[in-house]
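Accompanying notes for the structure given below.
The values are calculated or read from the model by the stated rules, or taken from the named source; none is laboratory data. Only a predicted model underlies this, so the values are computations on that prediction, with no experimental measurement involved. Using ideal geometry, Cβ is built from the backbone for each residue, glycine included, and neighbour counts are taken over all protein chains shown. Accessible surface areas use protein heavy atoms only, side chains included; no ligands, DNA or RNA. Shrake-Rupley method; radii C 1.70, N 1.55, O 1.52, S 1.80 Å.
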Amino acid sequence: MYESTRGNLERQTASQAIAWGMVPGGGLFVPEVLPALNWKELRELSYQELAERIMSLFLPDMPPEVISKAAAVYGGEVFEGADPAPLKTVGHFSVLELWHGPTAAFKDMALQVLPHLLGASVKQVNQGAQVLILTATSGDTGKAALEGFKNVPGTSIMVFYPDGGVSAVQERQMTTTDGSNTYVVAVDGNFDQCQSAVKEIFASEELRSKLAQKNMIFSSANSINWGRLLPQIVYYVWTYLQAVEQEKIEPGAPLNVVVPTGNFGNILAGYYAKKMGIPLGQLICASNKNKVLTDFFETGVYDTQRAFHLTISPSMDILISSNFERFLYEMCAKDPEKIKAWYQSLSASGVFKVDEDTLKNSRQEIWAGWADENDVLAVIARAFKEHRYVYDPHTAVAVKVYEDYVRASGDHTYTAIVSTASPFKFASSVLEAISGSKSPDEWEALARLEQETGWKIPTGLKGLNEKPEQRVQKCEPQGLKEVLLETYHLNDLS
Ligand SMILES: *Cc1c(COP(=O)(O)O)cnc(C)c1O
């Protein structure tokens with residue numbers, strides 16, 4: 001069963017938690033208990049089998065055939081290559097490539113699965129209702145969610161992205177989606193404003209009841225939805241098994257993991273895998289210049305009252321990391337009153353401070369660091385020169401923070417860097433780092449990057465500039481609700 005981080009709702013089934021996406025009155029669903037895993041029993045499994053095994057543990061009320069069909073996305077043509085999450089060796093550590101899905105970023109790992117889980121959940125708890133999926137995106141979730149949900153019967157999806165806050169490729173990926181149930185909205189604000197506005201809509205009783213009159217319900221494709229986090233636990237287990245299989249570590253020895261972090265969903269999945277019994281060592285949280293999390297682990301103060309930076313790792317340009325609430329819930333010994341107070345303070349003043357114990361527990365679980373733009377470009381240039389390996393800027397943030405960690409701690413435990421995007425998704429920055437020269441436009445940069453590196457442009461990014469674009473609506477952050485009401489003809493309802 002799943003409980004609310006804010007203690008404002010009785011326990012719910014997995015289906016209900018996934019169908020709702022987040023707790024209607026605010027708060028996030030978390031599993032009451034984490035099932036235990038013995039990695040030794042999982043060694044023979046394929047990725048698909050592993051996914052099925054792990055997801056089943058968390059979804060007791062879901063029909064087994066749904067879970068099995070969901071896991072099948074990892075075994076088919078959806079992900080390029082035989083392994084959806086290959087662990088590659090680069091120098092003295094490994095890189096877990098999570099970007100072989102249709103949109104060339106790691107969001108596909110979960111968003112190819114979520115439509116299966118959400119469809120079944122809604123059927124279970126809300127027979128016949130149409131699901132309206134609202135998604136705020138810092139760039140990659142949007143396209144991955146559009147791809148996952150396009151033309152899925154019984155669903156409609158609306159994606160909100162910060163106008164000018166995503167890369168040219170990311171924007172074009174979203175606007176060229178060809179589904180009949182997809183809408184894209186450019187918001188004159190940053191990601192945090194998009195996400196907050198979407199959360200407000202979810203929390204609105206008035207909108208819920210309007211939708212109910214049309215037999216519609218809201219849900220979320222953001223990582224606030226448990227159905228998004230769950231599939232991400234799988235690749236941490238996989239990584240461990242692969243590291244053993246490739247003889248990078250002794251069976252049972254720890255494996256450190258570095259995760260480029262924005263909304264804290266990815267690294268949280270790693271934390272859950274560790275708590276379930278996978279021998280992961282130090283978890284390292286890597287941020288870009290928007291280093292709210294790094295500062296938190298230093299001071300215990302979560303402070304969003306600061307300048308917001310647009311960086312070359314836009315998917316991490318986030319100050320309000322939604323899933324941090326789930327992490328803090330664990331760190332404060334599951335005290336919903338504390339969570340409630342902190343998040344009330346956050347929404348009132350943009351800041352909260354945790355108690356000593358919570359900070360101490362947090363520091364025991366996570367080491368945090370950050371990287372500057374110049375560090376990122378230098379990492380990309382050096383890795384290409386030394387290893388002919390090409391990082392995207394998000395992954396390069398993680399590599400830089402890993403180096404800082406080793407220097408600070410002297411810990412030389414074998415490490416996996418989680419790679420979250422194909423370098424082609426951020427071609428102009430990567431090209432600049434590698435060749436030293438800027439490209440006049442993004443499309444030329446893609447082609448040049450292919451020439452310079454000998455790496456292949458992922459299928460999903462080919463010919464993007466020639467595809468027809470759908471109409472993009474534009475609005476202010478306070479106008480999201482109005483766009484929604486108009487698009488779905490809800491204005492005339494009481
Ligand atoms: C979403 C994203 C991240 C951040 O992941 P979170 O789960 O939000 O912490 C990092 N890198 C890329 C490329 C992303 O798309």
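For this structure, a couple of remarks:
- The stretch 163-179, residues that are of a type outside the set (Gly, Ala, Ser) and out of contact with any strand residue (DSSP E or B) (no Cβ under 6 Å at 6 or more places or on another chain): 166, 169, 170, 171, 172, 173, 176, 177, 178
- With respect to the stated conditions, residue 333 is farther than 17 Å from residue 368 by Cα and at pLDDT 95 or above.
- When restricted to residues that are more than 11 Å from the ligand (Cβ to nearest atom) and either basic (Lys, Arg) or under 16 Å from residue 402 (Cα atoms) (or both), the stretch 260-296 contains 10.
- Listing of helices (runs of 4 or more DSSP H) fully contained in the stretch 58-132 that carry 2 or more residues being surrounded by fewer than 24 Cβ atoms within 10 Å (Cβ to Cβ): 64-71, 114-125
- Among the residues of the stretch 249-260, those that are open to solvent by 10 Å² or more (accessible area, probe 1.4 Å) and out of contact with any Ser or Thr (no Cβ under 6 Å at 6 or more places or on another chain) comprise 249, 250, 251, 252, 253.
- Boolean, residue 13 is open to solvent by 30 Å² or more (accessible area, probe 1.4 Å), closer than 30 Å to residue 207 by Cα, of a type in the set (Val, Ile, Thr) and at pLDDT 95 or above: yes
- Among the residues making up the stretch 429-454, those that are closer than 20 Å to residue 465 by Cα and not aliphatic (A, V, I, L, M) are 429, 438, 439, 440, 441, 442, 443, 444, 448, 450, 451.
- Filter result (over 25 Å from residue 274 (Cβ atoms) and of a type outside the set (A, V, I, L, M, F, W, C)) within the stretch 344-370: 344, 345, 347, 349, 350, 353
- Criterion applied to 199, 150 was being of a type in the set (D, E, K, R) and closer than 18 Å to residue 473 by Cβ, and the one residue passing it is 150.
- Any pair with Cβ under 9 angstrom, 6 or more apart, that starts in the stretch 23-43 at a residue that is touching a residue at least 24 places away in the same chain (Cβ under 8 Å) and ends at one that is among the basic types (Lys, Arg) and assigned to a loop (DSSP other than H, G, I, E, B): 25/6; 26/6; 27/6; 28/6; 30/334; 32/11
- Subset tally (residues that are assigned to a helix (DSSP H, G or I), more than 16 Å from the ligand (Cβ to nearest atom) and touching a residue at least 12 places away in the same chain (Cβ under 8 Å)) for the stretch 443-468: 11
So that you can scan it fast, the table gives a plain yes or no per residue for (1) among the aliphatic types (A, V, I, L, M); (2) touching a Phe, Trp or Tyr at 6+ places or on another chain (Cβ under 8 Å):
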residue: 141; (1), (2): no, no
residue: 153; (1), (2): no, no
residue: 163; (1), (2): no, no
residue: 171; (1), (2): no, yes
residue: 174; (1), (2): yes, yes
residue: 189; (1), (2): no, no
residue: 196; (1), (2): no, no
residue: 203; (1), (2): yes, no
residue: 206; (1), (2): no, no
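- Hits in the stretch 124-141 - residues which are among the small types (Gly, Ala, Ser) and either within 16 Å of the ligand (Cβ to nearest atom) or closer than 20 Å to residue 310 by Cα (or both): 136, 138, 139
- Residue check: residue 180 meets all listed conditions (1) under 16 Å from residue 157 (Cβ atoms); (2) in contact (Cβ under 8 Å) with a residue 40 or more places away in the chain but one, namely (2).
Each row is one residue, and each column tells you yes or no for (1) over 25 Å from residue 392 (Cβ atoms); (2) within 16 Å of the chain's Cα centre (by Cα); (3) at pLDDT 90 or above; (4) among the charged types (D, E, K, R).
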position: 192; (1), (2), (3), (4): no, yes, yes, yes
position: 224; (1), (2), (3), (4): no, yes, yes, no
position: 233; (1), (2), (3), (4): no, yes, yes, no
position: 242; (1), (2), (3), (4): no, no, yes, no
position: 265; (1), (2), (3), (4): no, yes, yes, no
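- Filter pass, residue 144 being open to solvent by less than 40 Å² (accessible area, probe 1.4 Å), of a type outside the set (Phe, Trp, Tyr) and within 16 Å of the ligand (Cβ to nearest atom): yes
- Boolean, residue 113 is of a type in the set (A, V, I, L, M) and in contact with a His (Cβ under 6 Å, 6 or more places away or on another chain): no
- Residue list for the stretch 277-335, filter: in contact with a helix residue (DSSP H, G or I) (Cβ under 7 Å, 6 or more places away or on another chain), among the charged types (D, E, K, R) and more than 24 Å from residue 408 (Cβ to Cβ): 317, 325, 326
- The strands (runs of 3 or more DSSP E) found wholly in the stretch 290-381 and carrying at least 2 residues that are open to solvent by 60 Å² or more (accessible area, probe 1.4 Å) occupy 366-370.
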